Amino acid sequence: GRYGHEFFRFEIDKYGTLKYANNSNYRRDSIIQKTLQLSPTLINEIQRIIEDSEIMHEDSSKWPHQDENGRLQLEIEMNGQSINIETAKISSLADTLSTEDPEGLRVLYYLIQDFKCLILSIISLHFKIKPIA
């Protein structure tokens, strides 16, 4: 990114523990790291979002590889299935249009946007902070 090694990462383990990290390097900010426990209802909603997106059925073999703008990485293990996707960073929906698989990348783009919105809302509500993303 523009300010060096920037990332937004979250991980939810099988016990419902959410680990969140955000490093923007903007004005030499430090990494924001938070951990919290999710309710079973929220875990079920996250699983529903994943299932509804149908990302588990996408084939990322035609998606662009990491470039100078960065990468987007998504790993999901759920209900005995797993996927590990790594592609070029998608800054906007327009980035998906000129690829070999615009529909598949659109699925990924919207799923990532849904996750970011949900996770940032949870972090904001739980810790009363405004995360940078």
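Across every pair of different alpha-carbon atoms, what Kirkwood hydrodynamic radius in Å does the chain reach?
By the Kirkwood definition, the hydrodynamic radius is 15.9 Å.
Below 8 Å between Cα atoms, with a sequence gap of 6+, how large is the relative contact order for the chain in percent?
Reported as a whole number, the value is 18 percent.
Count the lysine pairs in the range 15-133 whose Cα atoms sit under 29 Å apart, keeping only pairs 8 or more residues apart in sequence or on different chains.
Counting lysine pairs in the range 15-133 gives 16.
For the chain, what does the accessible surface come to per residue with a 1.4 Å probe? Please give it in Å².
Ligands and nucleic acids excluded, the figure is 67 Å² per residue.
Using a simple spin-label model with points 7 Å from Cα along the Cα→Cβ vector, what separation in nm is obtained for Ile85 and Ser121?
Distance between the two pseudo-spin positions: 2.1 nm.
Obtain the nm distance between the two label points defined at Leu93 and Gln66 by a simple spin-label model: each point lies 7 Å from its Cα along the Cα-to-C-beta direction.
In this crude label model, Leu93 to Gln66 measures out at 2.8 nm.
In nm, to one decimal, how far is the modelled label at Glu45 from the one at Asp29, with both set 7 Å along Cα→Cβ?
2.4 nm
The values are calculated or read from the model by the stated rules, or taken from the named source; none is laboratory data. Predicted, not measured: the structure shown is a model, and the values here were computed from it. Counting neighbours? That spans all protein chains shown, and the Cβs are built from the backbone with ideal geometry, glycine included. Surface areas here come from the heavy atoms of the whole protein model, side chains and all, with no ligands, DNA or RNA. Shrake-Rupley method; radii C 1.70, N 1.55, O 1.52, S 1.80 Å.
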